[in-house]
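The values are calculated or read from the model by the stated rules, or taken from the named source; none is laboratory data. Everything numeric here is computed off the predicted structure, so don't read it as measured data. Every residue, glycine as well, gets a Cβ built from its backbone with ideal geometry; the counts of neighbours run over all protein chains shown.
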Amino acid sequence: MSFLPLLLVSMLLFFVLFFGIGFILNMLLRMSWIMAIIYPIVALAIIQDAKFSDYFRTPGSAFSSLFESITSLALLDILVLLSGLAGAILSGVVIKMLRSKGYRMF
């Protein structure tokens, strides 16, 4: 059970990291859900080691390798990635709420 503190810290770090990045991007670009849209691309870049250009040059092998990488994820990895997604989504919710209450950001 020594992995539990590591899991909790990792989940908290991913949540705070993507909440902060999403909040700043939402504030600067004035698009409330920009990080929620970008997050799957970031998550796939974290999961997959292939270059972005491989998806255009050799799409068959790149996508099959990506599918294998996704299916081989452990539950702990999925939990950490989902906490990052929750942070990205919550940043959009918070920006929407602040704008509806009259706060203008940039």
| Does the stretch 32-56 hold any residues that are more than 18 Å from SER69 (Cβ to Cβ) and surrounded by 15 or more Cβ atoms within 10 Å (Cβ to Cβ), and which are they? | SER32, TRP33, ILE34, MET35, ALA36, ILE38
| note | Note on the stretch 64-106: residues free of Cβ contacts under 8 Å to residues at least 40 places away in the same chain and in a loop (DSSP other than H, G, I, E, B) are SER72, LEU73, ALA74, LYS101, GLY102, TYR103, ARG104
| request: Consider LEU4 carefully, then state whether it is under 19 Å from LEU85 (Cβ atoms) and either part of a helix (DSSP H, G or I) or touching a Phe, Trp or Tyr at 6+ places or on another chain (Cβ under 9 Å) (or both). | output: no
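Hey, could you check the stretch 34-57 for residues that are aromatic (Phe, Trp, Tyr) and modelled with pLDDT of 85 or more and say which is nearest to MET105 (Cα to Cα)?
As a first pass, look at the stretch 34-57 and keep what is aromatic (Phe, Trp, Tyr): 39, 52, 55-56.
From the residues that got through so far, the ones that are modelled with pLDDT of 85 or more too are 39, 56.
On the way: TYR39: 22, PHE56: 38 Å.
Here the answer is TYR39.
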| request: Report, by residue number, each residue of the stretch 82-106 that is loosely packed, with under 13 Cβ neighbours inside 10 Å, farther than 30 Å from LEU7 by Cβ and among the hydrophobic types (A, V, I, L, M, F, W, C). | output: MET105, PHE106
| note | Filtering the stretch 27-57 down to residues that are in a loop (DSSP other than H, G, I, E, B) and either among the aromatic types (Phe, Trp, Tyr) or touching a strand residue (DSSP E or B) at 6+ places or on another chain (Cβ under 7 Å) (or both) yields TRP33, PHE52
| query | Before we move on, is GLY60 assigned to a helix (DSSP H, G or I) and modelled with pLDDT of 90 or more? | reply | no
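Go through the stretch 11-57 residue by residue and tally those that are of a type outside the set (Val, Ile, Thr) and within 27 Å of MET97 (Cα to Cα). It would help to see each step written out before you state the result.
To start, the set of residues in the stretch 11-57 that are of a type outside the set (Val, Ile, Thr) comprises 11-15, 17-20, 22-23, 25-33, 35-36, 39-40, 43-45, 48-57.
Subsequent filtering for residues that are within 27 Å of MET97 (Cα to Cα) retains 11-15, 17-20, 22-23, 25-33, 35-36, 39-40, 43.
Matching residues across the stretch 11-57 total 25.
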